[in-house]
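Encoded as structure tokens, the structure appears first; notes follow it.
Laboratory data are not the source of any read-out in this text; all were calculated from the coordinates shown. Because the structure is a prediction, the values reported are computed rather than measured. Cβ placement follows ideal geometry from the backbone for every residue including glycine, while neighbour counts extend to all protein chains displayed.
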Amino acid sequence: MNLEELLRESLREQSATPPENLSRRTELERRIGRRRWARVAGRSGLAAAVAAVVVVGTAAGVVALRPSSPAAHSVAAGGPKPSASPSPSPSPPPLPEYSRGYHRTTDQRITLPGQGSLTLHVTPTNLDFRIGINCSAVRGQLVALAVNGHTVGTIVCGPETNLPGPPPPPLQLAGPDFNAHYDSWSDVGVRVGKPATFTITVGAEVEGRDGQEPSVGAPGASGDVFAGVYLPVPFDQYPFPTRPATLADLDAQRLFMMPDFGDSLGQLDSRSLAAPNGSYSATLTMPKFLDLTVCSVAPGRVRMLVDGQPADNTAFWDWDGSCYLGDAFASDAPEPPSLNLKNIHSGQKVTVTIITSDFTVPGWRVGFDQSAN
Amino acid sequence: VADRPEYDSFVAQRSPRLLRVAYLMTRDWATAEDLLQTAMVKAWFAWSRIDGDPEAYVRKIIATTFTSWRRRRWLGEIPQDPPDREFTADSSQRHADRDLLWRSLGQLPPRQRAIVVLRYFEDLTESQTAETLGVSTGTVKSQTSRALAKLRTDPALNRVTVERGELAR
């Protein structure tokens, strides 16, 4: 018997009966939508604790070190304290001092096309920090974020006008999940107590060949790009902005690039509940991958549980209106067991509990949906 | 997706075969589906730029994504023992050999496993395999040789072949 012949037989036989997947096209649509979203908008997570980080900023070439921007926030201890503010807000600074639960500790600017990159040296004491990037002035250029020479992800500057939905915010708070490739800074070699060098490179997008990620070429635009290090702030210490006279339209909020709200399995809406804060439940059939889309037009915190098990949580830090995509994996989902719910299998009835706090108005809603992953 | 009918058609027609390729690399159907969809999503974004056979393009993404996945994420791969079989007839024996070989394949490093799948399931030439994986033809030759050598010396497989004096080189 010939080994190569046996190999061919074994490979044919072992793969002869693939399971049928009738929903592949639908799943691809969702993943394409998600990838667009992740690629263009980035993804910000919830800050749970204060990080003390030693930060020293240096830039390639001559870089102007900008002073901290004037605070557009008023410090309010004990949660958001709404107050009417009929006058329009001034344009936000390129790198606001506070944004989405984070506080900027340092920032830098480079000017294209003369300067194409900058570096930030960080010695973290924990791994909850973010790299803030605002490159909205060089629309269409590609930004690559690398740490210790390892690319974490890329993002296209400025909104893509041909895409539906609201544009992404100018400030991107990039974490290790920047392009959904990594879960933790430790996945790319960042260690607590050890200096790490973050490099932000900006230039024309060079298409990746054969499915590889795109790369950054020579700058092809003129304008300023800003980057800084952002540390998380506990919710009860965050200086929330004042409430606007008119709230944003909750029904108009969508995850960026998602075609709909994402509530095929049901939803909970604070406007139809007794109070904005409390514990509310819905019963549904658990899919392998449960999407929990939370949209809010007010500051507040949201916890999500499935049959009593913590699934996800998030917080909203301003009145602009935004959405968060949380998820919960059934026990039989093809994910690392540590990420899955315990003893909750797809197909069984589950109770999803949404616990909200610190909302001063009924300004949130949660949609339940299933996804491919 | 709806605005790219050729892509839709490609997904419908070629997914089954490409899923098998992904499965032979990952050894888990759910992971293979994930890998296939990952590759198909990348292909969607690159669809207008694909010059030539899209299947070769997607196959390449599957292979390179698989090898890079192994470096950066847990795949949930669970080694599966071959089922117990009665070794009473030649056909059963051959079946058992294939099972043992399948298990031995699971011990190969990702790149070698990918090369074996591309060479012996997809029947690609050495140069096509090299192009697919983005490596040199020499690398394909050396990695194929090492993979076959490992399979021949796998204790489980070797025990059977030595006892029966089979597996010609």
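Taking every residue in B:19-29 and counting other chain Cβ atoms within 10 Å of its Cβ, the average works out to 3. Peptides A:289-302, A:143-156, A:227-240 ranked from most to least packed by the mean count of surrounding Cβ atoms within 10 Å: A:289-302, A:227-240, A:143-156. Measuring spread by the Cα atoms of segment A:267-373 yields a radius of gyration and Dmax of 13.6, 39 Å. The simple Förster model, with R0 at 35 Å and r as the Cβ-Cβ distance, assigns residue B:8 and residue B:131 a FRET efficiency of 0.85. The residues neighbouring residue A:112, those whose beta-carbon lies less than 13 Å from its own, together hold a net charge of +1 under the Lys/Arg +1, Asp/Glu -1 convention. Using the Cβ of residue A:363 as centre and a radius below 12 Å, the other residues enclosed give a net charge of -3, where K and R count +1 and D and E count -1.
Rounded to the nearest 0.05, what FRET efficiency do residue B:17 and residue A:196 have when you use their Cβ-Cβ distance and R0 = 56 Å? Don't skip to the end; give the middle numbers.
Working: r = 43 Å, r/R0 = 0.77.
Here the calculated transfer efficiency is 0.80.
Between residue A:222 and residue B:142, the FRET efficiency from the beta-carbon distance, with R0 = 56 Å, is close to 0.70.
Neighbouring Cβ atoms from other chains, within 10 Å of the Cβ of residues in B:5-11, number 1 on average. Extending 7 Å from Cα along the Cβ direction at residue A:13 and again at residue A:249 yields two label points whose distance is 6.3 nm. Inter-chain Cβ neighbour count for B:51-62, averaged per residue, equals 1 (cutoff 10 Å, partner chain atoms only).
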